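Peer 1: Sharing a structure below in structure tokens format, with a few things to ask.
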Amino acid sequence: MYTKQVMDHFENPRNVGELADANGIGEVGNAKCGDIMKIFLKVENGIIADVRFKTYGCASAIATSSIATEMIKGQPLEKAIELSNKAVVEALGGLPPHKIHCSVLAEQAIKAAVADYYTRQGVDPTPFVGKIDHDCEHCEGCGH
């Protein structure tokens with residue numbers, strides 16, 4: 001059911017926890033879905049110097065959070081917000097169709113954290129990240 005990459009990131013998640021000095025924090029999800037992701041960014045000179053996550057959810061939610069943080073660490077903000085849920089799924093070698101929404105949450109949590117960073121800098125984040133909106137077509141009855 002799950003690929004080796006999904007199981008590895010679930011059993012050995014990278015970048016778990018909070019960043020006390022985070023200057024960008026994004027949280028997406030809904031308890032009705034069962035998955036909540038919170039991303040903490042430490043941005044220095046436009047580069048993601050450090051990133052951590054706290055996720056409440058299934059193996060796919062934890063694995064997508066883990067791989068997504070690995071994929072954006074050390075990257076410029078502009079590159080991080082280009083990370084798509086499809087790229088996350090590909091990096092994990094695939095997800096079951098009913099778990100694709102976890103990759104959407106990972107993408108949106110990163111965008112929300114970047115938006116928070118820009119807001120804290122006094123910059124309107126909309127031109128950079130667009131509207132943060134969880135795509136619920138893959139969720140069953142999550143209530144969004």
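Peer 1: Out of the residues in the range 10-44 meeting the condition of being in a strand (DSSP E or B) and basic (Lys, Arg), tell me which one is surrounded by the fewest Cβ atoms within 10 Å (Cβ to Cβ).
Peer 2: Restricting attention to the range 10-44, the residues satisfying the condition of being in a strand (DSSP E or B) are 16, 24-30, 35-44.
Narrowing further to those that are basic (Lys, Arg): 38, 42.
Working: Lys38: 20, Lys42: 17.
Going through the qualifying residues, I end up with Lys42.
Peer 1: Oh, and also: Being assigned to a helix (DSSP H, G or I) and of a type in the set (Lys, Arg) is the filter; apply it to the range 45-87 and report the residue that is farthest from Met1 (Cα to Cα).
Peer 2: Lys79
Peer 1: What is the one condition in (1) closer than 21 Å to Tyr118 by Cα; (2) in a helix (DSSP H, G or I) that Glu90 does not satisfy?
Peer 2: All conditions pass for Glu90, except number (1).
Peer 1: If Gln121 satisfies all but one of (1) at pLDDT 95 or above; (2) more than 15 Å from Phe53 (Cα to Cα); (3) open to solvent by less than 20 Å² (accessible area, probe 1.4 Å); (4) not basic (Lys, Arg), what's the number of the condition it fails?
Peer 2: Result: Gln121 passes all but (3).
The values are calculated or read from the model by the stated rules, or taken from the named source; none is laboratory data. A quick note: this is a predicted structure, and the numbers were derived from the prediction, not measured. Glycine gets a Cβ as well: all are built from the backbone with ideal geometry, and neighbour counts include every protein chain shown. Each accessible area value is taken on the protein alone, full model and side chains, heavy atoms only, with ligands, DNA and RNA left out. Shrake-Rupley method; radii C 1.70, N 1.55, O 1.52, S 1.80 Å.
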